[in-house]
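Structure first, then comments.
Values in this text are rule-based calculations from the coordinates and carry no lab data. Note that the structure is predicted; figures quoted are calculated from it, not measured. Heads up, the Cβs are rebuilt from the backbone with ideal geometry, glycines too, and the neighbour counts pull from every protein chain shown.
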Amino acid sequence: MFEAKIIVTLRSSILDPQGSAVATSLQSLSYPVPEVRIGKYMELTLQASDEQEATALLQIICQKVLANPVMEDYRILQLTRKEE
Amino acid sequence: MKAAVVIFPGSNCDVDMIHALEDVLGCQVAQVWHKDTSLQGADLVALPGGFSYGDYLRGGALASFSPIMEAVIAHAQAGKLLMGVCNGFQVLTESGLLPGCLMRNRTLQFRCQDVYLTVENNQTVFTSLYRSNQVLRLPIAHGEGCYYASEAELRELEDSGRVVFRYSNAGGEYTPEANPNGSSRAIAGIVNAAGNVLGMMPHPERYCEELVGGSDGRWLFHGILKAWKERVIS
């Protein structure tokens, strides 16, 4: 069993209205924050026999389901083997 | 013409869609549950508005993987008529039947109001009863309706006449104020390359009778029926 941590964000070329709104609020509080981008953090467990298989499976899951490649990028932050 | 309305957990415009097809248009309508695998021989399939699967992950994303969608995709690929309204439009982009995607409204607000839209292409099977550049008034109710596609896809859509509706003002002018969600090029509705799949954010099914506030939507349904009859006869 593996455990994965994934971050999905809007692609950098796409305006993030949520992030912009938060940046504006931070700026109005005088914090020096030119840009904020908001994404989603996901944790999942995965059945795979080795790390290579787990990575391959995770890539497919991210591309097909967890992120919409039209507007989003994903990053696999961590993939670790979990004690059964 | 036989129609089917697909109901996902969280659909909430299914009853309006069934009413428009059954009572206004006079069609026989099958109510198809998302776990079903058959569209019961429908000529037209409608994916209604709502919040399928609570909009979890992304609007329309989880619905696009539900069991009925295999039949819906086959229906579209066979050249049969398919329309998605609001959340139904999101399901169509998520399942790859239409290009682009629908993002959070630029204003971050959920917009529930009447809007004006201009019929940019009245040569589709869905819009043949409208005049070219006719301005319609239809309701919207969505938080994620900002249409986005890459520059290349937008150009392709425009060059091939696949932008069917754009948000405009009552005079048919495209102004930033008339665009309720920040959609690219004020796009409110598009068709696929074959012309048999329509996706739109505004709700034609809600404005089919003056009694409920407007009837600009009913001609879309009558147009579909007309196109279907012509297709059957020819």
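What to note about this one:
- Its Cα gyration tensor gives segment A:2-81 an equivalent ellipsoid. The semi-axes, each the square root of 5 times an eigenvalue, are 32, 14, 8 Å from largest down.
- Across peptide B:101-107, the average count of Cβ atoms from other chains found within 10 Å of a residue's Cβ is 4.
- Across A:L46, A:L29, A:L58, mean-square fluctuation computed from a Gaussian network of chain A (C-alpha pairs under 10 Å connected) peaks at A:L29.
- Quotient of Cα Rg and 2.2 N^0.38 Å for the protein assembly as shown, N being how many residues it contains: 1.06
- Mean projected area of the Cα convex hull of chain B, taken over all directions, amounts to 11.4 nm².
- Across B:K2/B:K229; A:K5/A:K64; B:K35/B:K229; A:K64/B:K35; A:K64/B:K2; B:K2/B:K226, pairs whose alpha-carbon gap is larger than 23 Å: B:K35/B:K229; A:K64/B:K2
- 10 Å Cβ neighbours from other chains, averaged over peptide A:9-15: 2
- Span from the segment B:89-112 Cα centroid across to the segment A:26-73 one, whole angstrom: 20
- Computed on chain B, with alpha-carbon pairs under 8 angstrom and 6+ residues apart, the relative contact order is 19 percent.
- Computed [θ] at 222 nm, deg cm²/dmol, the protein assembly as shown (DSSP H ≥ 4; -39,500 (n - 2.57); rounded to nearest 500): -6500 deg cm²/dmol
- Computed over segment B:1-134: relative contact order in percent, which uses C-alpha pairs under 8 Å that are six or more apart: 20
- 0 to 90° range, to nearest 10: angle between helix A:17-28 axis and chain A longest Cα axis: 50
- In terms of overall dimensions, segment B:2-129 has a Cα radius of gyration and Dmax of 14.5, 41 angstrom.
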